[in-house]
Amino acid sequence: MATQLGDLEISSIDGTTIRGNFRSRHDKNVHRAYPGWGASLLYDAFSSLAGLSRSESELEKHIRSVHFTTPDTDRTDFTVEVDDPAILEGLSPGAWDSYFLG
């Protein structure tokens, strides 16, 4: 049986900007924002919310920035910017239990 690592929600997608919140259930620490986290978020979101498979390494090439409002805590709001809105095609806001990020 898999262990749930985190709670994630994408609350809005506006052009090239994704906003939402993340709670770490496993580590109890969201740590710090970096492009690889943004790529992992999108990989997990496409899989969990849209049933689509995307390459995490390909997604990372399109991450402009990732920001956590409260790094190094158990939960944070986040903003992820990508360089092209087409990268987000097929993705819509939603919440999911993550077995990938936590």
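Nothing charged except the Cβ atoms of Lys and Arg (+1) and of Asp and Glu (-1): what's the magnitude of the dipole of the range 1-76 about its Cα centre? Round to the nearest 20 debye. Please list the in-between numbers first.
On the way: 9 positive and 10 negative charges, 21 e Å.
So the dipole magnitude of the range 1-76 works out to roughly 100 debye.
Can you give the calculated 222 nm mean residue ellipticity of the chain, where each DSSP H run of n ≥ 4 adds -39,500 (n - 2.57) and the sum is split over every residue, rounded to the nearest 500 deg cm²/dmol? Write out the running numbers ahead of the final one.
Working: 2 runs with 16 residues, N = 102.
It comes out at -4000 deg cm²/dmol, rounded to the nearest 500.
Skipping prolines and chain starts, which residues have an amide H placed within reach, meaning under 5 Å, of the one on LEU5, given they are 5 or more residues away or on another chain?
Close amide H contacts, sequence-distant or interchain: SER98, TYR99, PHE100.
Arranged from highest to lowest average of other beta-carbon atoms within 10 Å per residue, in what order do the peptides 52-60, 7-15 appear? All intermediate terms of the calculation are to be shown ahead of the outcome.
Values: 52-60: 13.9, 7-15: 15.4.
Those peptides, ordered most packed to least, come out 7-15, 52-60.
Rounded to the nearest percent, how much of the accessible area of the range 4-98 (1.4 Å probe, protein heavy atoms only) is carbon and sulfur?
On the way: 2090 of 4830 Å².
So the carbon and sulfur contribution to the accessible surface is 43 percent.
Round to the nearest 10 and give me the degree value, 0 to 90, for the angle of helix 35-45's Cα axis relative to the longest principal axis of the chain.
Rounded to the nearest ten degrees, it is 90.
Please turn the phi angles of the range 85-95 into ³J(HN,Hα) values with the Karplus equation 6.51 cos²θ - 1.76 cosθ + 1.60 (θ = phi - 60°), one per residue in order, whole Hz, x for glycine and proline.
After applying 6.51 cos²θ - 1.76 cosθ + 1.60, I find x, 4, 4, 8, 4, x, 9, 9, x, x, 10 Hz.
Quick check for you: with a 1.4 Å probe and neighbouring chains kept, what is the accessible area per residue of the chain, in Å²? Working shown, then result.
Values: 5460 Å² over 102 residues.
With all protein chains present, the chain gives 54 Å² per residue.
The values are calculated or read from the model by the stated rules, or taken from the named source; none is laboratory data. If you're wondering where the values come from, they're calculated on a predicted model, not measured in any experiment. Neighbour counts run over all protein chains shown; Cβ positions are idealised from the backbone, glycine included. Just so you know, the surface numbers come from the protein's heavy atoms only, side chains and all, with ligands and any DNA or RNA stripped out. Shrake-Rupley method; radii C 1.70, N 1.55, O 1.52, S 1.80 Å.
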